[in-house]
1. Scan 115, 47, 88 and give me the residue that is of a type outside the set (Asp, Glu), surrounded by fewer than 22 Cβ atoms within 10 Å (Cβ to Cβ) and in contact with a helix residue (DSSP H, G or I) (Cβ under 9 Å, 6 or more places away or on another chain).
2. Run residue 347 past the list (1) outside any loop (DSSP other than H, G, I, E, B); (2) more than 30 Å from residue 44 (Cα to Cα); (3) among the charged types (D, E, K, R) and report the number of the one that doesn't hold.
3. What pairs can you find where one residue is in region 459-488 and closer than 13 Å to residue 403 by Cβ and among the basic types (Lys, Arg), the other is buried (at least 17 other Cβ atoms within 10 Å of the Cβ) and at pLDDT 95 or above, and their Cβ atoms are less than 6 Å apart, with a gap of 6+ or different chains?
4. Cβ contacts < 9 Å: first residue outside any helix (DSSP H, G or I), restricted to region 320-343; second residue modelled with pLDDT of 95 or more and basic (Lys, Arg), any location; separation 6+ or different chain. Result?
5. For region 371-381, does any single residue satisfy the condition of being surrounded by fewer than 18 Cβ atoms within 10 Å (Cβ to Cβ), outside the structural domain of residue 84 (by TED's automatic domain parsing) and part of a helix (DSSP H, G or I)?
6. Only one of 75, 64, 68 is more than 15 Å from the chain's Cα centre (by Cα) and touching a residue at least 24 places away in the same chain (Cβ under 8 Å); which?
7. Within the bounds of region 112-121, is there any residue that is in contact with a strand residue (DSSP E or B) (Cβ under 7 Å, 6 or more places away or on another chain) and more than 23 Å from residue 70 (Cβ to Cβ)?
8. Residues in region 199-206: is at least one under 21 Å from residue 304 (Cβ atoms) and either more than 23 Å from the chain's Cα centre (by Cα) or in the same structural domain as residue 369 (by TED's automatic domain parsing) (or both)?
Amino acid sequence: MAGTTRLLAVAGLAGALLVPAIGAPASGRSGASLAAPLATSPELTETSRLADRRSLVVGDRAYAMSTADTLYPAAGWHIRGEMGGIWTPPIKLVDGVWFRLAGKWLGDPDGARATSTTVGWGYTRTSFAPVNQVAVTRTDFVPDGTRATLIGLTLTSPQPRTVPVALDAHSELMAAYPWGWTEPDAGTFNLQDTGAYDQGALLFRETGTPPVDNASFHDWAALVAGSSQPRSHQLGPDHRGPQDPAVVCPADGPAPETCDDGAFGKGTGGQLRWQVKLVRNQPTTLWFAVAGSDKGVPAARRELAKALADPAAALAQKVESRLQIATNTQVDLPGDPLLDKSIEWSKQNLADSVQEAHDLQLRPVKEGREYPAPTGTLAKARWLGAGWPDYPWLFGTDGEYTAFASVAMGQFADIKAHLRALRDVSVIVNGDSGKVVHEVMPEGSIYYGTLDSAGNTDETSKFPSAVALIWRWTGDDGFRDDLYDFTVRNMHFVVEQLDDDGDGWPEGLGNVERAGMGEEKLD
């Protein structure tokens with residue numbers, strides 16, 4: 001991590017809308033019937049500097065990051081310019097999705113500019129300048145347990161009319177590791193995407209074996225579709241909405257103030273088009289999904305079907321789960337209402353950190369210098385991501401500190417899973433030594449924290465206290481007993497391996513990860 005600050009954007013939710021159900025006639029036109037209002041939660045709205053604000057919506061199997069105006073500038077530095085967009089760990093799916101209404105791109109300052117962003121507990125809602133008197137909002141959320149993101153466009157017209165709607169998508173099927181400067185680097189490992197139109201959806205694929213020792217064959221797929229059949233489509237190398245032609249960031253060195261893509265990208269694009277019939281003063285919501293899998297096209301299709309089965313119900317379920325999280329603990333600070341409110345939002349921020357990946361191929365990459373064959377595999381890992389866009393994966397110290405917030409907010413299950421994931425990875429790569437790993441990627445690469453890494457005084461020494469903290473708050477003897485032997489080995493490792501001078505102060509890098517603190521650090 002090299003001491004870089006990690007920032008976590010708060011995902012959110014939208015207010016009540018009347019959402020008609022959308023049919024799927026073959027003509028590409030959509031019919032509608034009035035449905036019940038959507039559930040709501042507390043909200044925060046901002047109208048200024050939307051292009052400078054990150055917007056993040058998160059589920060445990062996928063997440064999407066844009067700016068608050070619904071555009072997708074290049075973001076992040078681990079793989080320069082590629083850390084935003086839509087991901088389902090351990091892979092990225094697309095750089096973004098953009099919408100055009102009656103010839104104007106939503107979010108484009110020269111088209112239908114974004115006027116406000118509203119965040120709440122589980123999703124975001126963006127409002128735009130009217131297009132030919134048609135009011136339009138965009139709702140984004142990620143249902144838990146699904147490798148997909150959902151987007152709802154709600155259109156309201158003062159008179160009956162039919163309007164053209166288009167969706168642009170630009171793929172970037174890419175692994176979360178390797179990074180831009182590692183050996184191998186992201187440019188070598190990343191293969192060219194292909195695009196096709198298939199069963200009413202844009203289908204993007206990356207298949208093959210990277211030209212890297214110890215790399216294996218992969219078949220990654222992303223699908224972009226709406227809840228109704230499109231009227232027409234187009235394929236091509238671009239399709240970034242108003243961000244075409246793209247400004248591409250160089251792989252390193254000085255970069256423009258704003259880029260639209262990174263030098264490591266090998267994606268392609270496509271567009272879907274509809275004709276949408278609007279009834280006078282009746283809000284009409286069109287649902288769209290981006291779904292994918294690192295297990296091939298059939299698995300991606302299942303995720304897409306699950307996402308589009310009933311988006312409104314999925315949103316209601318998401319909101320209900322977040323409302324329940326808010327009730328786990330109660331804080332009443334009449335003398336400081338702002339702090340009171342910040343705690344309520346922090347509960348949601350913590351819930352937005354949960355991530356999960358399956359079939360991790362565990363390989364110590366020695367700070368990016370090697371790419372060996374996997375040491376072992378882990379069927380499933382669930383954790384609290386350290387921050388977006390550049391640190392959404394599994395860390396030792398971050399999770400151990402987050403244990404304090406987790407127990408205070410009554411969010412016990414995910415911090416237990418985080419510590420178990422650390423234990424499981426550590427045992428596979430470090431054996432019975434008791435040493436806890438530092439940083440683990442969602443596909444299984446251990447960047448730092450194996451026995452070959454220099455001693456770190458944090459992860460291993462803090463692990464037993466984190467387990468004890470969770471046990472004291474929960475009374476979960478099963479959790480305590482499950483991790484007890486490992487915590488004993490942690491303490492033996494610190495005392496026997498990290499304290500050469502025997503003064504009771506272990507030597508190691510510490511949490512700050514910077515020279516100049518002395519060899520024995522307390523932080």
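The values are calculated or read from the model by the stated rules, or taken from the named source; none is laboratory data. Small disclaimer: the values here were computed from a predicted structure and weren't measured. Glycine also receives a Cβ, built like all others from the backbone with ideal geometry; neighbour counts cover every protein chain displayed.
1. Working: 47 fails: in contact with a helix residue (DSSP H, G or I) (Cβ under 9 Å, 6 or more places away or on another chain); 88 fails: surrounded by fewer than 22 Cβ atoms within 10 Å (Cβ to Cβ).
So the residue among 115, 47, 88 that is of a type outside the set (Asp, Glu), surrounded by fewer than 22 Cβ atoms within 10 Å (Cβ to Cβ) and in contact with a helix residue (DSSP H, G or I) (Cβ under 9 Å, 6 or more places away or on another chain) is 115.
2. With (1) outside any loop (DSSP other than H, G, I, E, B); (2) more than 30 Å from residue 44 (Cα to Cα); (3) among the charged types (D, E, K, R) applied to residue 347, the lone miss is (2).
3. Pairs found: 462/400.
4. 328/347; 329/347
5. The answer is no, given that none of the residues of region 371-381 is surrounded by fewer than 18 Cβ atoms within 10 Å (Cβ to Cβ), outside the structural domain of residue 84 (by TED's automatic domain parsing) and part of a helix (DSSP H, G or I).
6. Values: 75 fails: more than 15 Å from the chain's Cα centre (by Cα); 64 fails: more than 15 Å from the chain's Cα centre (by Cα).
Matching residue, one of 75, 64, 68: 68.
7. Filtering region 112-121 down to residues in contact with a strand residue (DSSP E or B) (Cβ under 7 Å, 6 or more places away or on another chain) leaves 112-119.
Filter once more, keeping what is more than 23 Å from residue 70 (Cβ to Cβ): none.
The answer is no; no qualifying residue exists.
8. Just the residues of region 199-206 that are under 21 Å from residue 304 (Cβ atoms), to begin with: 199-206.
Checking which are either more than 23 Å from the chain's Cα centre (by Cα) or in the same structural domain as residue 369 (by TED's automatic domain parsing) (or both) leaves us with 199-200.
Yes, region 199-206 contains a residue that is under 21 Å from residue 304 (Cβ atoms) and either more than 23 Å from the chain's Cα centre (by Cα) or in the same structural domain as residue 369 (by TED's automatic domain parsing) (or both).
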